[in-house]
Ligand code: HEM
């Protein structure tokens, strides 16, 4: 985390170059084949819109949830809010290795404790009155500050046995969504019925039919 934060503030290589291999559209701009693009690494690392108000401060904690979730990218906030409302794994289990006291309760050695991830994510005391609303903005100041409790958000579990694939999962989801929104607009189909249910994992009982429209069709121009 300390190294990442140092590399963010002071990247030894401040820019890099890419040449377009074909005509391409990027952020609304038409880039002709052969154009050389300068990627201003240091400017991206100091962009307040991406990193938040403390962009110029040395704060290794922003990497506490891995590199893909360090920057305050709207896609990351949307994914986090989706994982909060609909955590695919709704609960996890821990077994006490010794007698322990937890929140005022004496837990004897060997006791199995169920951690109800989905209940924690829907706890009004932790998330506030809009707990059941889809509000990605609650992650605008990073994961630890999204809820009233610093570990109120645990879609990947917590501690030594936390999910080892979480960074890969987030990266894949971001890439998939980024590729999709470059090429399509999409809406829930009128036949969609909101019925999340659990069968090992949380999933939409009647599926999630989506209508896609290709962005470069004549209708969209
Ligand atoms: C959105 C996607 C995913 C979610 C929500 C998820 C969630 C979880 C959760 C809740 C746990 C239990 C953690 C705990 O008890 O503290 C877990 C464990 C684990 N996950 Fe994931 N996971 C996801 C994707 C992945 C991927 C892509 C991989 C592998 C490439 C992966 C590999 C593992 C492994 C190996 C464990 C067991 C870790 C251990 O017991 O030490 N997961 N995951």
*Provide a single number: the residues in the stretch 178-206 that are closer than 30 Å to residue 25 by Cα and either without any contact (Cβ under 8 Å) to a residue 12 or more places away in the chain or not in a loop (DSSP other than H, G, I, E, B) (or both).*
11
*For residue 89, are the conditions met, namely being on the phi < 0 side of the Ramachandran plot, assigned by TED's automatic domain parsing to the domain that holds residue 170 and not in a helix (DSSP H, G or I)?*
yes
*Output the number of the condition that residue 98 fails; it satisfies all remaining conditions of (1) farther than 24 Å from residue 51 by Cβ; (2) more than 11 Å from the ligand (Cβ to nearest atom); (3) not in a loop (DSSP other than H, G, I, E, B).*
(3)
*Quick check, is residue 49 away from the ligand (no atom under 16 Å from the Cβ) and surrounded by fewer than 11 Cβ atoms within 10 Å (Cβ to Cβ)?*
yes
_Restricting to the stretch 137-177, count the residues that are surrounded by 13 or more Cβ atoms within 10 Å (Cβ to Cβ), within 16 Å of the ligand (Cβ to nearest atom) and assigned to a helix (DSSP H, G or I)._
10
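The values are calculated or read from the model by the stated rules, or taken from the named source; none is laboratory data. Note that the structure is predicted; figures quoted are calculated from it, not measured. Don't worry about glycine lacking a Cβ; one is built from the backbone with ideal geometry, like all the others, and counts go over all protein chains shown.
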